[in-house]
C-alpha cells in the first residue's frame, strides 16, 4: 500500500495515521461480521481462520498502545516466546528493553533448534516486514525489518569461537543461565567476562572502557601478559584439541566461501538537478544505512573512477582536481562534437570496466555502493560533463551496464532550487527535471529488477523516509 505514490501522497498531505485507520477498519468489520457469524447455525472453517486473524491483529494493536512501536512489541513477545526455551543473553550491559531506543544488537546463546524456532517466530510476527537470515557454522544472524521502519539485528550464537579457538563453553554457560528481574535469562558474570575478553582480545582489540569499569578490572587483568595467559588457557582447553580445531578451520573456510558467494551488496544511485538537495539527502541516507542498518557503505562520485579525469593526463592528478573543483557545472565551453564523443567514450570505458572492479571490490563483500550522480547525467544532462552528444547514443550504451538495484531522482520546484543555487535558469531547471523524469519513468517500465524512483524533495524528513521505505520494502 505504501508503495503506491497516490496513497503515500494522501497519507503525507492529509497527515493520516495508517495505524488509526487500521484500528477503525478492524472495529467496523469485526463488529459487523461477528454479528452475522453469531446467527449462523454452522461456521465454515475459513470463518475460524478469519476470527484468529482478527484476534491476532487486535492483540497486536492493543500492545502497540502500551509500547513504542512494532520493535517494542516484538521484543516483549520474543521474551515470552523464549521463556520456555534454553537460551541466554551474553552481554549484560545490553538490556533488551533498551533496544527500542538504540541500534545495538541482541546477542543470544542458543541451541541450533532454538535458532530455527526464533527464525520462524520472527517471520510470523505481525509487525515484521521480512527477516533476512545469514547462516555461518557457529552463528545465525537475523536482520529484522519492521513495518514502521524500525530495525533489529539478532546474533544467535551456536558456538562461541574465533576462527579455530572456542573461548566459551556454551553448554556450561547455557546450563547455568539465570533469570534476571527483567524476565530475560543471562549467562553468569564469569562466563560473560570470558566472552568479553575472548571477543576483543582474539580480534586484536583492547577491552572497551565501559567493560573495564563494569567488571572493575585492574590494569594487570587487561595487560599483555594477561592476554597471553588467557590464550594459553584456551589452547589447552579440551574444547580446542587439535582434531576439533581442524573441524573449526573447515567451518571457517566454508563461512568465507559462503560470504563471498552470497554477499548481498547493492548499488544505489542518486541523480538530480544541481540545487535539488541531493547531496544533503545522500549524506543522511548514508548515515542511516551505517548507523541504523549496520551496513558497510562506500560513496562514489559520479563514476567508478578506474580511469582518472581526462585533464589529469595533461596536468597531473592534483592540478586537474583543483581545476575541476574551481569550475562550476555547465560552465564548460566545449562545443566540438568530435572531442565530445572522445570524452564520452573515455568515460564510458570507465563505466564498462569499472563496474566489474566495483562489483568485485565492494558488492561481493556485502557493501552498499552509493553513487553521487551516475551515468544518467550523460543522457539527460551531457552539458554538465562538458559534452555535446546525441542522447540516443548515450541511452544505447546504458544497456551494457550492470543495472543498479536502486536509482533515485530527486527534484524540487524551480523557484526553490533558484533560492539555493543560481547556476541555471528557471527554464533550464524545468527542462532538465523533465528530461530526468521521462528517463526514469521509461527505465522503470523496462528494467523490472531495478527500482527507478522519482521523489520530490520538498521536505528532508519525508524524503529520507520515502527512500528508507524503498530500501526496506524492495531489497528482499
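The values are calculated or read from the model by the stated rules, or taken from the named source; none is laboratory data. Treat the numbers as computed from the prediction; the structure is a model and nothing was measured. Counting neighbours? That spans all protein chains shown, and the Cβs are built from the backbone with ideal geometry, glycine included.
Considering (1) at negative phi; (2) in contact with a helix residue (DSSP H, G or I) (Cβ under 6 Å, 6 or more places away or on another chain), the lone condition that residue 183 does not fulfil carries the number (1). Residue 309 satisfies every condition listed in (1) touching a residue at least 24 places away in the same chain (Cβ under 8 Å); (2) closer than 30 Å to residue 412 by Cα; (3) buried (at least 18 other Cβ atoms within 10 Å of the Cβ) except (1). Only one entry in 314, 262 is at pLDDT below 90, farther than 29 Å from residue 420 by Cα and more than 26 Å from the chain's Cα centre (by Cα), namely 314.
Output yes when any residue across segment 112-123 is in contact with a helix residue (DSSP H, G or I) (Cβ under 9 Å, 6 or more places away or on another chain), part of a loop (DSSP other than H, G, I, E, B) and touching a residue at least 24 places away in the same chain (Cβ under 8 Å), and no when none is. No: segment 112-123 contains no residue that is in contact with a helix residue (DSSP H, G or I) (Cβ under 9 Å, 6 or more places away or on another chain), part of a loop (DSSP other than H, G, I, E, B) and touching a residue at least 24 places away in the same chain (Cβ under 8 Å). Mind checking which residues of segment 219-229 are surrounded by 10 or more Cβ atoms within 10 Å (Cβ to Cβ) and out of contact with any helix residue (DSSP H, G or I) (no Cβ under 6 Å at 6 or more places or on another chain)? Selection gives 221, 222, 223, 226, 228, 229.
Scanning segment 416-435 for residues that are part of a helix (DSSP H, G or I) and out of contact with any helix residue (DSSP H, G or I) (no Cβ under 7 Å at 6 or more places or on another chain) yields 416, 419, 420, 427, 428, 431, 433, 434.
Among the residues of segment 283-306, those identified as exposed (fewer than 15 other Cβ atoms within 10 Å of the Cβ) and on the phi > 0 side of the Ramachandran plot are 294, 305.
The residue that is nearest to the chain's Cα centre (by Cα), among those in segment 401-414 that are in a loop (DSSP other than H, G, I, E, B) and farther than 17 Å from residue 371 by Cβ, is 412. Annotation for segment 206-217: no member residue is surrounded by fewer than 18 Cβ atoms within 10 Å (Cβ to Cβ), at pLDDT below 90, over 21 Å from residue 93 (Cβ atoms) and under 36 Å from the mean Cα position of the chain (by Cα).
Residue count for segment 64-98 satisfying the condition of being out of contact with any helix residue (DSSP H, G or I) (no Cβ under 6 Å at 6 or more places or on another chain), without any contact (Cβ under 8 Å) to a residue 60 or more places away in the chain and within 26 Å of residue 289 (Cβ to Cβ): 3. Residues in segment 365-384 that are touching a helix residue (DSSP H, G or I) at 6+ places or on another chain (Cβ under 6 Å) and either surrounded by fewer than 19 Cβ atoms within 10 Å (Cβ to Cβ) or at pLDDT below 90 (or both): 372, 381, 384.
Per the conditions (1) in a strand (DSSP E or B); (2) touching a helix residue (DSSP H, G or I) at 6+ places or on another chain (Cβ under 9 Å), the sole criterion not satisfied by residue 155 is (2). The set of residues from segment 343-364 being touching a helix residue (DSSP H, G or I) at 6+ places or on another chain (Cβ under 7 Å) and within 24 Å of residue 444 (Cβ to Cβ) comprises just one member, 348.
At least 3 residues being within 27 Å of residue 193 (Cα to Cα) is the threshold, and among the helices (runs of 4 or more DSSP H) wholly inside segment 1-104 those reaching it are 69-82.
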